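Novice: My questions all concern the structure below.
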Amino acid sequence: DWTMASYREDAIAKIREQVGDKKVICALSGGVDSSVAAILIHEAIGAQLTCVFVDHGLLRLNEAQEVVKMFREAYNLPLIHADESDLFLGALEGVSDPEVKRKTIGKLFIDVFDKHAKAIGGAEFLAQGTLYPDVIESVSFAGGPSVTIKSHHNVGGLPEKMGMKLVEPLRELFKDEVRALGRELGLPEHFIRRHPFPGPGLAIRCPGEITREKLDILRHADAVYIDQIRKHGLYDEIWQAFAAILPMRTVGVMGDGRTYDFAVGLRAVTSVDGMTADYYPFTHEFMGETVTRIINEVKGVNRVFYDCTSKPPGTIELE
Ligand code: XMP
């Protein structure tokens, strides 16, 4: 792709010019955005870059191990694996307000990065895989009053608080353009096609209070759901699919007994850039099979809902 080839050259030149001989620390989440940003910056400045993968205890099943392994072994990126799940989950205990959750997670991210930036002898720059839609959704509605829809933790305020300057090589790009750039940089197709995953992770898929029990249930339900989607060959047709755990228990029957377990919500949407979205119309057969699998395979779940809300008026995530 000639467009992305020249974007890559320009971006590398800009990064070199901005950063000079200073150190850069990069928040690697394992998502396409931060991965593309990290690889691009690594190409530009090599060993001046250190990546930090923050495990906030809100990742999907086996995600931390897979991401760390891939970047260390296949990409040879300098990578710190910061296991901070106790810190984050401790701070989130008893918190149910969505904005407080996001702000709590955002603040701890700053603390963790600050700690690692100091540990590597001081980084002057912070790299982020911020995309264009992140920038505009966090700022305001065009022509309207300045209203923050959601405080995306990866946008705004971070560098000022940390006394660091931002490197954001993807700030002008939409998601499909980041994927094209990822291909240009040689990332494997299965990785480029991974659905987006939000920085606050499972926190915003667990409305209400977050507990380790709920996170475990959510991880397993999500893994079964995604497995179903892959088995039916639907993964690439869908922009984003995930399970959520709802803040309620409901009554059910299993064998001779009454159950009183959690309800899981399933979400799947099609979208071009995440700004608007339609719910994905699964077949009844797929739905029936998936619900049966989740209830049989995931202990603690006795009911499954499918979210048919488009965006707008809904958002893609639940919080
Ligand atoms: P919403 O829920 O706002 O999500 O319709 C739009 C897209 O953005 C992702 N998202 C986030 N990504 N940090 C991120 O990096 C965040 O705080 C965040 N919140 C939502 C969401 O997964 C979807 O792809």
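Each value in this text was obtained by applying a stated rule to the coordinates, not by laboratory testing. Predicted model, so just to flag it, every value in this text is computed and none were measured. No Cβ is skipped: glycine too gets one built from the backbone with ideal geometry, and neighbour counts run over all protein chains shown.
Novice: Pick out, in residue order, every one of the GluC sites (Glu not before Pro) in the stretch 7-105 that is DSSP loop and has at most 16 other C-beta atoms within 10 Å; say none if there are none. Walk me through the numbers before you get to the answer.
Specialist: Numbers: sites: Glu9, Glu17, Glu43, Glu63, Glu66, Glu73, Glu84, Glu93, Glu99; in loops: Glu84, Glu93.
Here the GluC sites (Glu not before Pro) that fit, given the DSSP loop and packing criteria, are Glu93.
Novice: Evaluate the charge dipole of the stretch 2-192 about its Cα centre and quote only its size in Debye, nearest 20, assuming +1 on the Cβ of each Lys and Arg and -1 on the Cβ of each Asp and Glu.
Specialist: Values: 21 positive and 28 negative charges, 51 e Å.
Dipole magnitude for the stretch 2-192 comes out near 240 debye.
Novice: About the Cα centre of the chain, what is the dipole size in debye to 20, counting +1 per Lys and Arg Cβ and -1 per Asp and Glu Cβ, all else neutral?
Specialist: Result for the chain is approximately 420 debye, rounded to the nearest 20.
Novice: Moving on. Once you have the Cα-Cα distance between Asp236 and Arg194, take 0.36 nm times their residue separation minus that, and quote the gain in nm to one decimal.
Specialist: Full extension of this stretch gives 14.3 nm more.
Novice: Send over the semi-axes of the chain's equivalent ellipsoid, whole angstrom and largest first, taken as the square roots of 5 times the C-alpha gyration tensor eigenvalues.
Specialist: Rounded to whole Å, the semi-axes are 34, 22, 19.
Novice: Please state the shape class of the stretch 2-192: rounded when a/c is under 1.5, otherwise prolate if a/b exceeds b/c and oblate if not, all from the C-alpha gyration tensor.
Specialist: Details: a/c = 1.43, a/b = 1.18, b/c = 1.21.
Since a/c stays below 1.5, the shape of the stretch 2-192 is classed as rounded.
Novice: To test your reading of the geometry: what angle, between 0 and 90 degrees and rounded to tens, separates the Cα axis of helix 212-231 from the longest principal axis of the chain?
Specialist: 90
Novice: Something else about it: Among rounded, prolate and oblate, which fits the stretch 227-270 when a ≥ b ≥ c are the square roots of the eigenvalues of its C-alpha gyration tensor, a/c under 1.5 means rounded, and a/b larger than b/c means prolate?
Specialist: It is oblate, given that a/c is not under 1.5 and a/b is not larger than b/c.
Novice: Could you pull out the trypsin sites (Lys or Arg not before Pro) across the stretch 10-87 that fall in loop regions by DSSP (anything but H, G, I, E, B) with no more than 14 other Cβ atoms inside 10 Å?
Specialist: Loop-located and lightly packed - Lys22.
Novice: Output the 0 to 90 degree angle, nearest 10, between the alpha-carbon long axis of helix 175-184 and the longest principal axis computed from the alpha carbons of the chain.
Specialist: That works out to roughly 60 degrees.
Novice: Right, something else. Rounded to the nearest 0.05, what FRET efficiency is calculated for Glu213 and Phe174 with R0 set to 35 Å and r the Cβ-Cβ distance?
Specialist: It comes out at approximately 0.40.
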